[in-house]
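Here's the structure, in structure tokens; my notes come after.
The values are calculated or read from the model by the stated rules, or taken from the named source; none is laboratory data. Remember, it's a predicted structure, so these values are computed and weren't measured experimentally. Heads up, the Cβs are rebuilt from the backbone with ideal geometry, glycines too, and the neighbour counts pull from every protein chain shown.
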Amino acid sequence: FSHLNSERLKIVVTRDLGPDVMTILYSESAKYEIVLWPGKNACDRKWLLDNVRDALALIVLVTDRIDAEVLDAAGSQLKVVSTMSVGYEHISVPDLAKRNIRLGYTPDVLTDAVADISIMLALMAGRLAKETTLFVSEGNWPTYSWAPFAFCGSQISATPSSPKRTAGFLGFGRIAQATLRRLLGFGFTHCVYTSNPFSKPSPERDSELLSSFGAPLHSLKRVSLDELASESDVLFVLTPGGDETKGLINEAFLKKMKKTAVLVNSSRGTVVDSDALAKALKEGWIWGAGLDVIAGEPNVAGDHALVREPRCVVLPHIGSATVQTRLDMATLAVQNALAALNDQDMPASVNV
Ligand code: DGY
């Protein structure tokens with residue numbers, strides 16, 4: 001509901017954050033008018049432009065584009081934009097900076113959930129989860145009896161005949177490192193990564209990082225994109241989206257990958273060229289792919305080439321979707337907004 005007393009300062013919230021978290025906001029309603037998008041789906045742009053006027057705080061999701069138009073519609077009193085996400089490509093940071101508006105986000109609390117799903121996608125893609133579950137659900141199991149080399153996948157973990165396993169990461173932040181930690185339990189011995197193209201290679205940083213992972217990891221190094229493609233047994237895309245990373249995983253990259261390799265994308269769909277990936281899977285340049293995100297989402301129809309592709313597992317952007325993590329994210333988004341409104345340090349903020 002929204003409170004209509006115009007004396008109070010306005011907080012606009014673009015989606016119902018559930019009873020536990022909305023209670024935190026409503027407990028402030030003596031001071032703040034809470035204006036909540038009433039819909040179940042993504043907040044309507046026109047509603048946002050109409051309602052944001054005079055707001056002091058704006059609590060948003062990845063589905064809301066926050067640009068100059070929205071900020072101008074809000075007016076110069078807007079103090080903070082707080083997003084319930086770790087990624088913030090949907091927010092124009094330069095436009096916030098120009099207007100001195102603070103930005104809150106939700107790192108850390110979702111790291112484990114996204115690392116978990118990245119491992120799940122790697123295993124599913126490697127072990128033919130889509131083809132085999134379809135085989136069973138379509139009633140075909142009775143036509144088949146156990147056979148030595150039927151339904152064989154590409155093994156993610158180390159084996160006696162293949163003891164060297166290399167994890168590759170495009171982007172090597174918190175979630176990538178949490179994913180690597182999990183992979184040590186699968187016998188991974190080597191790690192290659194590339195990160196921000198503008199940051200310089202640092203052997204010192206690499207050796208510090210290597211020792212933080214302990215003895216099971218034999219080597220960790222920052223490499224070129226070409227080396228990342230050719231050395232990875234499993235390649236995890238865990239980099240922010242935006243222009244800098246758009247289409248980095250393209251035909252040229254995919255052609256350099258191992259035929260047994262698996263590609264996992266649990267960050268932003270725009271990093272992977274979908275047409276190139278569909279071709280790579282169809283023509284066997286790589287083994288399989290697990291995607292939690294696709295360019296153009298949520299407009300991904302059932303006949304999308306990657307959705308139809310048996311070697312591609314597609315999830316509808318649910319990396320952080322556990323009950324516990326989403327509650328933590330929503331709580332942190334509200335805490336960030338309230339802290340900024342009280343001119344305090346936000347628990348998690350981006351330097352704009
Ligand atoms: C994020 O937080 O940026 C995710 O994409 C949503 O979980």
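Applying the selection to the range 191-212, what residues are at pLDDT 95 or above and among the aromatic types (Phe, Trp, Tyr)?
The one that is at pLDDT 95 or above and among the aromatic types (Phe, Trp, Tyr): Tyr193.
Can you find a residue that is closer than 18 Å to Ala176 by Cβ and away from the ligand (no atom under 16 Å from the Cβ) anywhere in the range 263-285?
So far as the range 263-285 goes, yes, one or more of its residues are closer than 18 Å to Ala176 by Cβ and away from the ligand (no atom under 16 Å from the Cβ).
Taking the range 1-17, which residues are surrounded by fewer than 17 Cβ atoms within 10 Å (Cβ to Cβ), closer than 15 Å to Ala55 by Cβ and at pLDDT 95 or above?
Correct list: empty.
Somewhere in the range 64-81, is a residue closer than 25 Å to Gly269 by Cβ, of a type outside the set (Phe, Trp, Tyr) and out of contact with any helix residue (DSSP H, G or I) (no Cβ under 9 Å at 6 or more places or on another chain)?
no
Give the number of residues within the range 255-285 that are buried (at least 24 other Cβ atoms within 10 Å of the Cβ) and among the basic types (Lys, Arg).
Going through the range 255-285 one residue at a time, the tally reaches 1.
Evaluate the following for Gly288: is it buried (at least 17 other Cβ atoms within 10 Å of the Cβ), away from the ligand (no atom under 16 Å from the Cβ) and small (Gly, Ala, Ser)?
yes
Could you list, in sequence order, all residues of the range 23-54 that are in contact with a Leu (Cβ under 6 Å, 6 or more places away or on another chain) and either surrounded by fewer than 17 Cβ atoms within 10 Å (Cβ to Cβ) or not β-branched (Val, Ile, Thr) (or both)?
Filtering the range 23-54 for residues in contact with a Leu (Cβ under 6 Å, 6 or more places away or on another chain) gives 32, 34.
If the condition is that a residue be in contact with a Leu (Cβ under 6 Å, 6 or more places away or on another chain) and either surrounded by fewer than 17 Cβ atoms within 10 Å (Cβ to Cβ) or not β-branched (Val, Ile, Thr) (or both), then Tyr32 is the only one that fits.
Using the structure shown, decide if Ala252 is loosely packed, with under 14 Cβ neighbours inside 10 Å and not in a helix (DSSP H, G or I).
On the way: loosely packed, with under 14 Cβ neighbours inside 10 Å: yes; not in a helix (DSSP H, G or I): no.
Judged against the criteria, Ala252 is not a match.
With respect to Ala229, determine if the residue is assigned to a helix (DSSP H, G or I) and closer than 13 Å to Gly168 by Cβ. Step through it out loud before you land on a result.
Working: assigned to a helix (DSSP H, G or I): yes; closer than 13 Å to Gly168 by Cβ: yes.
Judged against the criteria, Ala229 is a match.
Looking at (1) in contact with an Asp or Glu (Cβ under 8 Å, 6 or more places away or on another chain); (2) under 30 Å from Gly290 (Cα atoms); (3) buried (at least 22 other Cβ atoms within 10 Å of the Cβ), which one does Val60 not meet, given that it meets all the others?
Val60 satisfies every listed condition except (1).
Restricting to the range 321-350, what's the tally of residues that are more than 14 Å from the ligand (Cβ to nearest atom) and more than 13 Å from Val109 (Cβ to Cβ)?
11
Which ones in the range 309-320 are surrounded by 16 or more Cβ atoms within 10 Å (Cβ to Cβ) and within 11 Å of the ligand (Cβ to nearest atom)?
Scanning the range 309-320 gives His317, Gly319, Ser320.
Which one of Asp20, Asp95 is surrounded by fewer than 16 Cβ atoms within 10 Å (Cβ to Cβ) and either of a type in the set (Phe, Trp, Tyr) or not in a loop (DSSP other than H, G, I, E, B) (or both)?
Asp20
Any idea which residue in the range 89-99 is nearest to the ligand (Cβ to nearest atom), counting only those that are in contact (Cβ under 8 Å) with a residue 60 or more places away in the chain and under 17 Å from Thr14 (Cβ atoms)?
Glu89
Please specify each residue of the range 187-208 satisfying the condition of being touching a helix residue (DSSP H, G or I) at 6+ places or on another chain (Cβ under 8 Å) and either surrounded by 16 or more Cβ atoms within 10 Å (Cβ to Cβ) or of a type in the set (Phe, Trp, Tyr) (or both).
Phe188, His190, Cys191, Val192, Tyr193, Thr194
Filtering the range 100-126 down to residues that are closer than 10 Å to Gly319 by Cα and within 12 Å of the ligand (Cβ to nearest atom), which residue is surrounded by the fewest Cβ atoms within 10 Å (Cβ to Cβ)?
My answer is Thr111.
Filter the range 291-308 down to residues that are of a type outside the set (S, T, N, Q) and more than 16 Å from the ligand (Cβ to nearest atom), then give me how many there are.
Summing the residues that are of a type outside the set (S, T, N, Q) and more than 16 Å from the ligand (Cβ to nearest atom) in the range 291-308 gives 8.
Going by what's in this entry, would Ser267 be described as polar (S, T, N, Q) and either modelled with pLDDT under 95 or over 16 Å from the mean Cα position of the chain (by Cα) (or both)? Step through it out loud before you land on a result.
Numbers: polar (S, T, N, Q): yes; either modelled with pLDDT under 95 or over 16 Å from the mean Cα position of the chain (by Cα) (or both): no.
Criteria not met by Ser267.
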